[in-house]
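Visitor: To start, I am sharing the structure in question, which I have written as structure tokens.
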Amino acid sequence: GAVVSQHPSWVICKSGTSVKIECRSLDFQATTMFWYRQFPKQSLMLMATSNEGSKATYEQGVEKDKFLINHASLTLSTLTVTSAHPEDSSFYICSASGGPNEQFFGPGTRLTVL
Amino acid sequence: KQEVTQIPAALSVPEGENLVLNCSFTDSAIYNLQWFRQDPGKGLTSLLLIQSSQREQTSGRLNASLDKSSGRSTLYIAASQPGDSATYLCAVRRGGNTPLVFGKGTRLSVIA
């Protein structure tokens, strides 16, 4: 099956710093990638839809200036959490759409903001 | 707006028991439905994907059914094992390149 990687797998940072998370589709091209966030014991909540070569579409309540998404190529999307605060601590998961049938998920990135 | 509900939220069963996890969705206009497994602190493992035109899918001890018109799906696990302990997530997709919408999951504990 298709493989999606995320880097880093975990990160700890100080409040006020910015953190970049990479999502790569390793063996297929993904015109669309999705970014989800999961708080402890909660389900995955869609943050934004990332389309290659165009601006991301953000879900209601997600600050686009705080969560910067760049989808510069068909195999790479990045999520930058700017001026991170402790309430941004969460599990961030990306997925890549290989077509209409299935989304392939990355292993997730655990962000802890001190 | 699509909403996905999973019942029960948590389930504890003795090893060897057969069990059923339930998923319901409010908008029956779906393209497909997918069941995932998530271990604590880990990512998602896709278990079964059912297209909207299908009624069920099977993989080993797992069987998932779909009743699109009533907005329901079930995941049946036969002869449960302690290794099946995890959170099971149900998710639906409206179509094309749209994102999956997830339920809150069922936390399953299989006791040896």
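The values are calculated or read from the model by the stated rules, or taken from the named source; none is laboratory data. What you see is a predicted model; the values in this text were computed from it and never measured. Neighbour counts run over all protein chains shown; Cβ positions are idealised from the backbone, glycine included. We work out accessible area using only protein heavy atoms, side chains counted, and drop any ligands, DNA or RNA first. Shrake-Rupley method; radii C 1.70, N 1.55, O 1.52, S 1.80 Å.
Visitor: Looking for something open to solvent by less than 10 Å² (accessible area, probe 1.4 Å), over 18 Å from A:G99 (Cβ atoms), assigned to a loop (DSSP other than H, G, I, E, B) and not hydrophobic (A, V, I, L, M, F, W, C) - is there at least one such residue anywhere in region B:52-70?
Guide: So the first thing to find is which residues in region B:52-70 are open to solvent by less than 10 Å² (accessible area, probe 1.4 Å), and the list is B:64, B:66.
Next, from what is left, pick out any that are over 18 Å from A:G99 (Cβ atoms): B:64, B:66.
The next check asks that each one be assigned to a loop (DSSP other than H, G, I, E, B); those that pass are none.
There is no residue in region B:52-70 that is open to solvent by less than 10 Å² (accessible area, probe 1.4 Å), over 18 Å from A:G99 (Cβ atoms), assigned to a loop (DSSP other than H, G, I, E, B) and not hydrophobic (A, V, I, L, M, F, W, C).
Visitor: Now for a different question. Just name the residue that is nearest to A:T32 (Cα to Cα) out of those in region A:79-101 that are open to solvent by 20 Å² or more (accessible area, probe 1.4 Å) and touching a residue at least 40 places away in the same chain (Cβ under 8 Å).
Guide: Here the answer is A:G98.
Visitor: I'd like to verify a number: residues in region B:71-112 that are more than 14 Å from chain A (Cβ to nearest Cβ), of a type in the set (S, T, Y) and open to solvent by less than 10 Å² (accessible area, probe 1.4 Å), how many?
Guide: 2
Visitor: Next up: If I ask for residues that are surrounded by fewer than 14 Cβ atoms within 10 Å (Cβ to Cβ) and out of contact with any Lys or Arg (no Cβ under 7 Å at 6 or more places or on another chain), which ones from region B:21-40 would you list? Explain how you work it out, then say what you get.
Guide: From region B:21-40, those surrounded by fewer than 14 Cβ atoms within 10 Å (Cβ to Cβ) are B:26-27, B:29, B:39-40; that's our starting set.
Hits for region B:21-40 are B:T26, B:D27, B:D39, B:P40.
Visitor: Considering only residues of region A:1-32 that are in contact with a Pro (Cβ under 8 Å, 6 or more places away or on another chain) and assigned to a loop (DSSP other than H, G, I, E, B), which is farthest from the other protein chains (Cβ to nearest Cβ)?
Guide: A:S15
Visitor: Another question about this same structure. Out of the strands (runs of 3 or more DSSP E) lying entirely within region A:42-114, which hold 2 or more residues that are more than 10 Å from chain B (Cβ to nearest Cβ), under 14 Å from the mean Cα position of the chain (by Cα) and hydroxyl-bearing (S, T, Y)?
Guide: Details: elements: A:45-51, A:67-73, A:76-81, A:90-97, A:103-105, A:109-113.
Counting at least 2 such residues, we get A:76-81, A:90-97.
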